[in-house]
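Trainee: Structure below; questions to follow.
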Amino acid sequence: MQLTAIPSLNDNYIWLMADDHGQAVVVDPGEAEPVEQYLEAHGLALSTILLTHHHHDHIGGAATLQLNHRATVYAPQDSRIDLIANRVGDGDLIGLEQPALDLAVIGVPGHTLSHIAYYGDGKLFCGDTLFSLGCGRLFEGQPEQMLASLDRFAALPGSTLVCAAHEYTAANGRFALTVEPDNTDLQERVVEVRDARAADRPSLPSSMACELRTNPFLRIDEPAVAAWCRHHGADESRVSRFATLRRAKDQFAA
Ligand code: ZN
Ligand code: FE
């Protein structure tokens, strides 16, 4: 199974997976055009569209692609996604035939309340919940919801490829370094990301193991991160540390 990040809009990625028979799946097509171009250039047929949440930069191209390719759409239960779709939620299993791919749906409220992620073939399509070196903003959910969502991701195998929906890694890295300036894994990742971006390559996918070593939002139990959170007003609870970190990131001028 081939995996590609198709750049879209300002800083979105539309993830595409394709098998050897040219059958493709896309995740969160915020616009149709770059997907159409990629399918055309590589002789692929689009069978399936996976949507993680209702924001326009993730679904804007879905209706056009669905129409043009008679693709099957999977989406969370949310009336703000006004498409004919198979509605899926936490615990559901999706068995695709073309390409042959089994996906588990994980309910991950936080960025939005109906946000879901898709996990299968060693890949995690996490939308705007987890980014490399960061996590999504809390537009609708509470810190405890987002923390529980990130905890579920953290329990996946370290080899899991983290296919996030935005190229935010460099900016996230600037904030992460203020939290853990002495984390050498983080320092190395920031250099790697700088080189990738300078060469116009995506910083993604990342791996869960890499995120566990470098992403402050997955490291609130690490002594250095916990101390930073306490210094910035958190109490002894995990939720308080997470909320403090998220608030600080919201206010951080990258
Ligand atoms: Zn979003
Ligand atoms: Fe987004």
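Trainee: Here are Ala155, Ala104: which of them is within 19 Å of Val27 (Cα to Cα) and either out of contact with any Asp or Glu (no Cβ under 9 Å at 6 or more places or on another chain) or away from ligand 2 (no atom under 16 Å from the Cβ) (or both)? Outline the logic, then answer.
Mentor: Values: Ala155 fails: within 19 Å of Val27 (Cα to Cα).
Answer to the selection: Ala104.
Trainee: Sticking with this one: Just the residues that are part of a helix (DSSP H, G or I) and either more than 16 Å from ligand 2 (Cβ to nearest atom) or surrounded by 21 or more Cβ atoms within 10 Å (Cβ to Cβ) (or both), please, taken from segment 43-58.
Mentor: Matches in segment 43-58: His58 only.
Trainee: Scan segment 170-194 and report the pairs whose first residue is under 15 Å from Glu222 (Cβ atoms) and whose second residue is of a type in the set (Gly, Ala, Ser), with Cβ atoms within less than 6 Å and a gap of 6+ or a chain change.
Mentor: Hits for this filter: Glu180/Ala224; Leu186/Ala176.
Trainee: Next question, about the same structure. Looking at Ser206, is it crowded, with 19+ Cβ neighbours inside 10 Å and either out of contact with any Cys (no Cβ under 8 Å at 6 or more places or on another chain) or without any contact (Cβ under 8 Å) to a residue 40 or more places away in the chain (or both)? Steps first, please.
Mentor: Numbers: crowded, with 19+ Cβ neighbours inside 10 Å: yes; either out of contact with any Cys (no Cβ under 8 Å at 6 or more places or on another chain) or without any contact (Cβ under 8 Å) to a residue 40 or more places away in the chain (or both): yes.
For Ser206, the condition - crowded, with 19+ Cβ neighbours inside 10 Å and either out of contact with any Cys (no Cβ under 8 Å at 6 or more places or on another chain) or without any contact (Cβ under 8 Å) to a residue 40 or more places away in the chain (or both) - is met.
Trainee: While we're looking at this one, here's another question. Among the candidates Gly89, Gly122, Gly61, single out the residue that is in contact (Cβ under 8 Å) with a residue 24 or more places away in the chain, of a type outside the set (Asp, Glu) and within 16 Å of ligand 1 (Cβ to nearest atom). Show your work before the answer.
Mentor: Working: Gly89 fails: within 16 Å of ligand 1 (Cβ to nearest atom); Gly122 fails: within 16 Å of ligand 1 (Cβ to nearest atom).
Going through Gly89, Gly122, Gly61 in turn, the sole match is Gly61.
Trainee: Continuing with this model, one more query. Tell me the residue from Val73, Val35, Val26 that is outside any strand (DSSP E or B) and more than 15 Å from ligand 1 (Cβ to nearest atom), please. Outline the logic, then answer.
Mentor: Working: Val73 fails: outside any strand (DSSP E or B); Val26 fails: outside any strand (DSSP E or B).
Answer to the selection: Val35.
Trainee: Is it the case that some residue within segment 63-70 is modelled with pLDDT of 95 or more and within 28 Å of Leu138 (Cα to Cα)? Can you show your working first?
Mentor: Narrowing segment 63-70 to residues modelled with pLDDT of 95 or more: 63-70.
Cutting the leftovers down to within 28 Å of Leu138 (Cα to Cα) gives us 63.
Yes; the residues of segment 63-70 include at least one that is modelled with pLDDT of 95 or more and within 28 Å of Leu138 (Cα to Cα).
Trainee: Okay, moving on. Restricting the search to segment 27-42, which residues are surrounded by 16 or more Cβ atoms within 10 Å (Cβ to Cβ) and free of Cβ contacts under 8 Å to residues at least 40 places away in the same chain? Outline the logic, then answer.
Mentor: Taking segment 27-42 as the starting set, the residues that turn out to be surrounded by 16 or more Cβ atoms within 10 Å (Cβ to Cβ) are 27-32, 34-36, 38-39.
Residues satisfying the conditions are Pro29, Gly30, Glu31, Ala32, Pro34, Val35, Glu36, Tyr38, Leu39.
Trainee: Could you tell me which numbered condition Gln145 fails, if it satisfies all but one of (1) crowded, with 20+ Cβ neighbours inside 10 Å; (2) out of contact with any strand residue (DSSP E or B) (no Cβ under 9 Å at 6 or more places or on another chain); (3) of a type in the set (S, T, N, Q)?
Mentor: Every condition holds for Gln145 apart from (1).
Trainee: Further question: Out of all the residues in segment 211-254, which are surrounded by 18 or more Cβ atoms within 10 Å (Cβ to Cβ), in contact (Cβ under 8 Å) with a residue 60 or more places away in the chain and farther than 17 Å from Gly110 by Cβ?
Mentor: Thr214
Trainee: Determine which single condition Met146 fails, assuming it passes every other condition in (1) within 16 Å of ligand 2 (Cβ to nearest atom); (2) within 20 Å of Lys123 (Cβ to Cβ).
Mentor: Unmet condition: (2).
Trainee: Looking at segment 1-13 only, could you name the residues that are part of a strand (DSSP E or B), touching a residue at least 60 places away in the same chain (Cβ under 8 Å) and either among the aromatic types (Phe, Trp, Tyr) or within 16 Å of ligand 2 (Cβ to nearest atom) (or both)? Walk me through how you get there before you give the answer.
Mentor: Just the residues of segment 1-13 that are part of a strand (DSSP E or B), to begin with: 2-8, 12-13.
Those still in the list that are touching a residue at least 60 places away in the same chain (Cβ under 8 Å) too: 3, 5, 7, 12-13.
Result: Ala5, Pro7, Asn12, Tyr13.
The values are calculated or read from the model by the stated rules, or taken from the named source; none is laboratory data. Not measured: the values here are computed from a predicted model. FYI the Cβ positions are ideal-geometry reconstructions off the backbone, even for glycines, and counts take in every protein chain you see.
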